[in-house]
1. May I ask you to list pairs of residues, at least six apart or on different chains, whose Cβ atoms are under 6 Å apart, with the first in the range A:127-156 being in contact (Cβ under 8 Å) with a residue 40 or more places away in the chain and the second being basic (K, R) and surrounded by 14 or more Cβ atoms within 10 Å (Cβ to Cβ)?
2. Condition test on A:Q119, is it of a type outside the set (V, I, T), in contact with a Gly (Cβ under 8 Å, 6 or more places away or on another chain), surrounded by fewer than 21 Cβ atoms within 10 Å (Cβ to Cβ) and more than 9 Å from every other protein chain (Cβ to nearest Cβ)?
3. Quick check on the range A:137-151. Is at least one of its residues in a loop (DSSP other than H, G, I, E, B), more than 17 Å from B:P14 (Cα to Cα) and more than 7 Å from chain B (Cβ to nearest Cβ)?
4. Of A:R50, A:R37, A:R79, which residue is within 16 Å of the chain's Cα centre (by Cα), loosely packed, with under 15 Cβ neighbours inside 10 Å and of a type outside the set (D, E)?
5. Against the condition closer than 18 Å to B:G34 by Cα, in contact (Cβ under 8 Å) with a residue 12 or more places away in the chain and more than 15 Å from the chain's Cα centre (by Cα), how does A:T107 come out, does it pass?
6. Output yes when any residue across the range A:106-117 is part of a loop (DSSP other than H, G, I, E, B), modelled with pLDDT under 90, charged (D, E, K, R) and out of contact with any Phe, Trp or Tyr (no Cβ under 9 Å at 6 or more places or on another chain), and no when none is.
7. Looking at the range A:10-28, which of its residues are over 15 Å from the mean Cα position of the chain (by Cα) and modelled with pLDDT of 50 or more?
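The values are calculated or read from the model by the stated rules, or taken from the named source; none is laboratory data. Predicted model, so just to flag it, every value in this text is computed and none were measured. No Cβ is skipped: glycine too gets one built from the backbone with ideal geometry, and neighbour counts run over all protein chains shown.
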Amino acid sequence: MGINFNEKSKDNPKISGLEKSKTGEDALEKAKRTGERTRFVHKPNPLIERDYQIFEYIIEKGDYEHVGDYVLLNKDEPREITDKKVMNIMTLINGKDDLIDLSNLTTTRLLYTIVPEAQAGDQTKIILKDYDGSGVSKDNAIFTIRKGVLYDKFNV
Amino acid sequence: MISSTFEESASGLPKFEIQSMFAQMASAHEPAIGLGTGMNATMSYDDATPV
């Protein structure tokens with residue numbers, strides 16, 4: 001099945017006129033307003049500071065559905081780094097690999113662990129960690145997304 | 001640029017290999033200043049046991 005998620009909607013031309021008047025909107029609002037069919041979009045969680053909700057465009061519903069979260073555990077992390085890390089994840093799950101280079105912003109290495117399926121329920125759960133070169137790594141964030149978006153090549 | 005790290009799922013939508021995806025994430029996140037003898041960013045399994 002060939003679906004171009006980035007093709008602008010042709011059945012809702014009226015909303016295009018709003019594009020220049022709105023600023024500061026999140027990716028979900030923009031996607032809904034412009035009719036762009038980006039498969040995954042994210043927006044800040046309105047209830048939890050510096051957490052993000054991930055939405056997937058469901059073709060059958062013609063709307064976005066909440067399918068995952070990015071929960072920041074290390075609240076000391078600079079906002080710029082968190083934002084760019086989330087954007088990089090979104091880039092990858094949208095099938096692209098033009099990532100933002102964070103090498104000049106961070107002093108820690110990014111590690112991760114995959115939470116076993118038995119503990120993760122109906123989602124794929126990955127714990128991101130920071131490693132500063134000594135001792136053990138520290139939990140940085142938890143990324144969850146509905147099962148089926150990602151797969152573990154060592155556990156298929 | 002479209003990533004080559006996905007395959008098509010039963011629903012027809014692409015799904016992504018975790019290891020390749022996070023190797024790219026780790027590569028983009030690798031600090032410019034060296035961390036000495038640490039793990040290779042492309043082998044980002046963290047087996048360290050918290051103490």
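1. Close Cβ pairs satisfying both conditions: A:D130/A:K138; A:D139/A:K129; A:N140/A:K129; A:T144/A:K125; A:V149/B:K15.
2. Spelling it out, it is not the case that A:Q119 is of a type outside the set (V, I, T), in contact with a Gly (Cβ under 8 Å, 6 or more places away or on another chain), surrounded by fewer than 21 Cβ atoms within 10 Å (Cβ to Cβ) and more than 9 Å from every other protein chain (Cβ to nearest Cβ).
3. no
4. One residue alone meets the criteria, A:R79.
5. yes
6. Checked the range A:106-117: no residue is part of a loop (DSSP other than H, G, I, E, B), modelled with pLDDT under 90, charged (D, E, K, R) and out of contact with any Phe, Trp or Tyr (no Cβ under 9 Å at 6 or more places or on another chain).
7. Listed by number, the residues that qualify are A:K22, A:T23, A:G24, A:E25.
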